[in-house]
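Step one of this worksheet: look at the structure below.
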Amino acid sequence: GAEAILGRQAARESAARTYARSLPIVPVRARGMTVEGADGRRYLDCLAGAGTLALGHNHPVVLEAIRAVLEAEAPLHVLDLATPVKDDFTTALFETLPPSMARDARIQFCGPAGTDAVEAALKLVRLATGRNGLLAFTGGYHGQSAGALAATGDVAVRAGLGEGGGAGASVTRLPYPYAYRCPFGVGGAAGARLGTRWTASLLDDPKGGVERPAGMLVEVVQGEGGVIPAPDAWLREQRELTARHGIPLIVDEVQTGVGRTGAFWAVEHSGVEPDVMVVSKAVGGSLPLAAIVYRAELDVWSPGAHAGTFRGNQLAMAAGAATLRFVHEQGLAARAAELGARMLARLRGLQRELPVIGDVRGRGLMIGVELVDHQLAPDDLGARPAAPELAQAVRAEALRHGLIVELGGRHGSVVRLLPPLTMTDEQAEAVLERLADSIVAAGR
Ligand code: PMP
């Protein structure tokens with residue numbers, strides 16, 4: 001039974017694997033937004049593969065696409081050879097890109113995880129610019145790899161990546177526009193503007209202490225960092241600044257892509273055109289797939305400069321193409337925008353009733369509820385101290401109420417909702433009710 005499996009697994013599995021410990025369920029069946037545990041209990045899944053499952057679990061169009069590949073006896077593993085399946089995926093992906101990017105973009109499959117694609121993006125801009133440094137943001141999340149390239153002996157594959165052959169880019173971390181806890185003590189657009197001025201002063205000042213970097217890496221909405229949408233104007237300012245200084249802008253759309261934020265790609269909200277876009281998670285339609293899409297001028301790879309065994313996952317490409325088309329044809333980005341806005345409004349209503357809710361924010365169906373210690377005094381911006389233990393308790397209560405949620409944020413105090421874009425109005429209603437009940441129950 002479920003208890004036995006959980007016990008055996010906990011005994012064998014490293015504590016480094018956090019989901020297995022923090023979500024005591026044994027999923028055995030799943031469809032759409034519903035996951036069924038080995039104990040027969042059913043849960044509404046607002047974690048959904050950490051935002052991967054745009055169409056929920058086992059969506060018929062995804063299953064059909066996978067079955068078609070299997071039934072055709074198409075090869076499942078062919079490294080990165082061209083195949084009809086891959087051709088179809090690339091066509092489907094390019095059809096979703098902002099027109100200015102689709103026109104002359106190149107794609108490099110990486111894989112299989114988002115981390116791999118981030119690594120490829122960093123390598124690419126370093127090769128293209130001959131520079132090493134990176135501008136990144138406080139609270140950003142881009143993966144957890146730790147230097148396989150630096151350990152590789154083959155000097156040819158490390159060529160052009162500077163000192164250390166790719167290890168340890170010097171990262172200058174800049175303030176992300178986290179209005180609720182703005183490091184400058186100024187909220188809203190004014191706080192974001194100060195962040196841009198900070199970046200500008202570093203780059204414009206010859207003695208600012210930052211060498212011209214190889215790239216800037218940014219999320220349009222920080223996910224793991226606590227569901228923090230960057231203001232559109234701020235992102236446009238980063239684009240202007242990087243363009244002025246000849247710095248490639250890499251936008252990490254691993255979590256925000258494929259309709260999640262209410263536009264097919266989150267960059268569309270601001271109209272910003274990145275030089276490199278990193279895609280993964282939902283593009284594989286629930287199977288592992290990752291790629292970078294970038295301007296043709298940046299395509300400086302020499303043959304073999306970026307290899308990898310698992311860059312051609314045929315099942316993922318088939319599932320991904322079906323997902324991309326379904327999201328596009330069914331207008332699921334617009335649906336995410338509309339449903340997300342309604343959920344945010346409801347959660348803001350709840351915030352007025354429950355003082356432990358410090359902030360509610362999000363874009364589309366990427367929603368965060370930041371929990372605070374309401375008994376402690378607020379700071380100059382009106383933000384009270386984070387309440388990570390309460391967040392843990394809410395997650396546990398949510399599970400008892402039949403709801404799976406994710407936590408995140410700088411202090412682990414943000415309850416994150418990343419439901420499938422196919423969530424119905426009734427399911428959204430149930431999510432809101434169960435979440436409210438869980439927060440009340442945990443706060444007692
Ligand atoms: N970038 C972002 C924005 C992410 O949210 C994540 C994963 N949560 C990653 C990169 C890393 O992706 P993966 O876990 O597939 O390596």
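The values are calculated or read from the model by the stated rules, or taken from the named source; none is laboratory data. Model, not experiment: these values are computed from the prediction. Quick reminder, even Gly has a Cβ in these numbers, built from the backbone with ideal geometry, and neighbours come from all protein chains shown.
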Just to check your reading of the model, which residue among Gly246, Gly225, Gly259 is modelled with pLDDT of 90 or more, assigned to a loop (DSSP other than H, G, I, E, B), over 19 Å from Gly409 (Cα atoms) and within 16 Å of the ligand (Cβ to nearest atom)? Gly259
Specify which of the listed residues (Leu371, Leu399, Leu407) is touching a Ser or Thr at 6+ places or on another chain (Cβ under 9 Å), of a type outside the set (S, T, N, Q) and in a helix (DSSP H, G or I). Leu399
Count of residues meeting criterion [more than 14 Å from Ala290 (Cβ to Cβ), within 12 Å of the ligand (Cβ to nearest atom) and not in a strand (DSSP E or B)] in segment 105-143: 3
So which residues in segment 262-272 are in a loop (DSSP other than H, G, I, E, B) and of a type in the set (A, V, I, L, M, F, W, C)? Ala263, Phe264, Trp265, Val272
Within segment 48-57, tally of residues that are within 16 Å of the ligand (Cβ to nearest atom) and surrounded by fewer than 23 Cβ atoms within 10 Å (Cβ to Cβ): 2
Test: Gly340 is part of a helix (DSSP H, G or I), of a type outside the set (D, E, K, R) and in contact with a Gly (Cβ under 6 Å, 6 or more places away or on another chain): yes
Could you check segment 286-319 and list, in sequence order, the residues that are within 14 Å of the ligand (Cβ to nearest atom) and among the small types (Gly, Ala, Ser)? Ser286, Ala290, Ala291, Gly308, Ala316
Could we say that Val279 is hydrophobic (A, V, I, L, M, F, W, C) and within 16 Å of Val220 (Cα to Cα) here? yes
Of residues in segment 210-222 being in a loop (DSSP other than H, G, I, E, B) and touching a helix residue (DSSP H, G or I) at 6+ places or on another chain (Cβ under 7 Å), the one nearest to the ligand (Cβ to nearest atom): Val220
Does Val69 satisfy being more than 24 Å from the chain's Cα centre (by Cα), surrounded by 17 or more Cβ atoms within 10 Å (Cβ to Cβ), over 27 Å from Cys110 (Cβ atoms) and away from the ligand (no atom under 16 Å from the Cβ)? no
Among Val85, Val61, which is farther than 15 Å from Met277 by Cα, buried (at least 23 other Cβ atoms within 10 Å of the Cβ) and more than 16 Å from the ligand (Cβ to nearest atom)? Val85
